[in-house]
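Bear in mind these aren't lab numbers, they're just calculated from the coordinates by the rules spelled out. Remember, predicted model here, so these are calculated numbers, not experimental data. FYI the Cβ positions are ideal-geometry reconstructions off the backbone, even for glycines, and counts take in every protein chain you see.
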Amino acid sequence: MSFNRFFIEDAAKFEGQIITLKGWVYNKRSSGKIKFLMMRDGTGLMQCVLFKGECDDAAFEEFEKLTQESSVEVTGVIKKEGRSAGGFEMGVKSLKIVSVAEPYPISPKEHGVEFLMNHRHLWIRSQRQWAALRVRAEIIRSIQEYFDQLGFVRFDAPILTPNSCEGTSTLFSTSYFEEKAFLTQSGQLYGETGAMAFGKVYTFGPTFRAEKSATRKHLTEFWMIEPEVAFMTLEENMQLGEGLIEHIAQSCLKNRAKELQILERDLSKLEILKGPFPRISYDEALKILEKRGVPIPWGEDFGAPHEAALGEEFGKPVFVHHMPSQIKAFYFKQSDTHFGDASTTTGKYAFGCDLIAPDGYGEIIGGGQREENAEVLQRRIKEHELNQADYEWYLDLRRYGSVPHSGFGLGLERTVAWMTGVPHVRETVPYPRMMNTLRP
Ligand code: 4AD
Ligand code: MG
């Protein structure tokens, strides 16, 4: 189907033509005999100008009734106007009210976050929210494009699952008829089954964590993209990840420049996102943290100050690999040293690779190489006090043609925050779910 209708983002194609713009009043003002109506239609903003004489008298009367967010059909001629936001404006001929809005709760004045969050269903119409969510949609599109171009098969993992992937402390459970089920924390384990069936796959869907952390980086429901590839090494995994970040940044610059401008994003931060990104081992990271005055004892995970310090050190995203096994999930392949090596006498290090974004946007990618040996994996399941019976299907991958394989998960909302420069993940998803936020 093709929309036989005018949309603001296509204004250039309609210069000189009389069209009808269907949308909502963003704001209005009068200046003597001229009336200005700022209209939004979901694709952008357009100034519509009512001149006495060029526009019917009824339109002038209707103009007076219009309130913020009233819905209207405005008919007029599209003119080039360099001073207007999108480069075009409309000379109005007539105006038809669809619905006059009641006093709108969100006015141009400052509102508190709690108020805005409670009005999220309306807040998404505001310019900055609109821009951030348009960038989100572009990022989703570009991610799919990246993997599709590389010949990946999209492989959807279930949301309701019988077992945990990322530890049992952040599981949401629900009753599943006579049984208990969990909302998925990650599609990875299923992605691994897909990699053995299709070679290279990616899952893309919502994931859930009962995180009791009220930070600017944590949601309880977030979207994750998880590629998983048979025969892929840890180094290739990092290459796949940096290629993805580069593709996302380039797509945002190319296709969402207007939105990034509304968000006042410093574009140079996106332009520099070209691989290869620096790679350091966890042990090397600890030395940098010590030098920068934020030391942590070996075996502890990074917090916000440590991620910020690594960002400052490199001014670029950085991969941290070979983390302590003790802070990593059961499925990681292990190593005795902090650089390579796959002997597992001590299993001190995990074959992981996390990508830390600069400017405090935190861990964007978490991934690594998986344990492919059935006995070692069984031991790990026991060490993590998981019920082996729930993982028999997962162990089967190691019994029937096991191969080295790797993958990662990219957090969509953190990526959107980073690309847009929006400080909090709550503004990077239409309806954020957080510890204290379930409505609307
Ligand atoms: O590092 P995580 O926990 O890794 C996994 O879940 C692996 N199973 C992925 C894989 O290898 N297939 O999560 C991956 C990414 C993080 O780097 C972060 O970007 C995001 O998911 N993430 C969150 N985003 C928002 N809110 C939360 N509570 C998040 N937890 C993780
Ligand atoms: Mg992680």
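So how strong a dipole does region 256-357 carry about its Cα centre when Lys and Arg Cβ are +1 and Asp and Glu Cβ are -1, to the nearest 20 debye?
In debye, rounded to 20, region 256-357 gives about 280.
Can you figure out the FRET efficiency of Arg399 with Val153, using R₀ = 25 Å and their beta-carbon distance, to the nearest 0.05?
E between Arg399 and Val153, to the nearest 0.05, is 0.60.
In a GNM of the chain with a 10 Å cut-off on Cα contacts, which of Cys48, Cys353, Cys252 has the highest mean-square fluctuation?
Cys48
Springs between alpha-carbon pairs under 10 angstrom, Gaussian network model over the chain: which of Thr345, Thr193, Thr420 fluctuates most?
Highest fluctuation of the listed residues: Thr345.
Through the Karplus equation 6.51 cos²θ - 1.76 cosθ + 1.60, θ set to phi - 60°, convert the phi angles of region 297-310 into ³J(HN,Hα) values in whole Hz; use x for Gly and Pro.
Values, residue by residue: x, 4, x, 9, 7, 6, x, 3, x, 6, 5, 5, 5, 5 Hz.
Show me the ranking of peptides 239-251, 422-434 by mean Cβ neighbours inside 10 Å, starting with the highest.
239-251, 422-434
Can you give me the angle between helix 282-291 and the longest principal axis of the chain, using Cα atoms only, in degrees from 0 to 90, rounded to the nearest 10?
In the chain, helix 282-291 runs at an angle near 70 degrees to the longest axis.
Within region 109-169, which GluC sites (Glu not before Pro) sit in a loop by DSSP and count at most 15 neighbouring Cβ atoms inside 10 Å?
The qualifying sites are Glu110.
Each label point is 7 Å from the Cα along the Cα-to-Cβ direction; what then is the distance between the points at Ser213 and Lys274, in nm?
With each label placed 7 Å out from Cα toward Cβ, I get 3.3 nm.
Rounded to whole Hz and in sequence order, give me ³J(HN,Hα) for region 220-226 from the Karplus expression 6.51 cos²θ - 1.76 cosθ + 1.60, θ = phi - 60°, writing x for Gly and Pro.
After applying 6.51 cos²θ - 1.76 cosθ + 1.60, I find 8, 10, 9, 9, 10, 10, 10 Hz.
What's the local net charge at Val425, with K and R +1, D and E -1, over the other residues with C-beta under 15 Å away?
Result for the local shell: +2.
Can you pull out the trypsin sites (Lys or Arg not before Pro) in region 13-111 whose DSSP state is coil and whose Cβ has at most 14 other Cβ atoms within 10 Å?
Lys33, Arg83, Lys109
Using the Karplus curve 6.51 cos²θ - 1.76 cosθ + 1.60 with θ = phi - 60°, work out ³J(HN,Hα) for each residue of region 331-344 in order, rounded to whole Hz, and write x for Gly and Pro.
Values per residue, Gly and Pro as x: 8, 5, 5, 10, 8, 8, 10, 8, 9, x, 6, 10, 6, 10 Hz.
Suppose we take every Cα in region 242-304 and form the convex hull; what volume per residue is that in Å³?
About 124 Å³ per residue, rounded to a whole number.
Count the net charge of all other residues whose Cβ sits under 13 Å from the Cβ of Phe6, scoring Lys and Arg as +1 and Asp and Glu as -1.
Counting the neighbours of Phe6, the net charge comes to -2.
Please go through region 270-324 and write out the chymotrypsin sites (Phe, Trp or Tyr not before Pro) that DSSP classes as loop and that have at most 12 other C-beta atoms within 10 Å.
Here the chymotrypsin sites (Phe, Trp or Tyr not before Pro) that fit, given the DSSP loop and packing criteria, are Trp298.
Any of Lys13/Lys79; Lys258/Lys316; Lys96/Lys258 with alpha carbons more than 20 Å apart? Name them for me.
As for pairs spanning more than 20 Å Cα to Cα, those are Lys258/Lys316; Lys96/Lys258.
Have a look at Tyr26, Tyr104, Tyr349 and tell me which one the Gaussian network model of the chain (Cα, springs below 10 Å) gives the largest fluctuation.
In the Gaussian network model the winner is Tyr104.
With N residues in the chain, what two-decimal value do you get for its Cα radius of gyration over 2.2 N^0.38 Å?
So the Cα radius of gyration is 1.17 times the expected 2.2 N^0.38 Å.
Calculated from DSSP H runs of 4 or more alone, at -39500 (n - 2.57) each and per residue, what is the 222 nm mean residue ellipticity of the chain, nearest 500?
Taken over the chain, the calculation gives -9000 deg cm²/dmol.
Given the alpha-carbon gyration tensor of region 129-224, what are the semi-axes of its equivalent ellipsoid in whole angstrom, ordered largest first, with each equal to the square root of 5 times an eigenvalue?
Calculated on Cα positions only, the semi-axes equal 25, 21, 10 Å.
Straight-line reach from Lys33: which aspartates and glutamates have a Cα under 19 Å away, not including same-chain ones fewer than 8 places off?
Partners found: Glu54, Asp56, Asp57, Glu61, Glu62, Glu64, Glu89.
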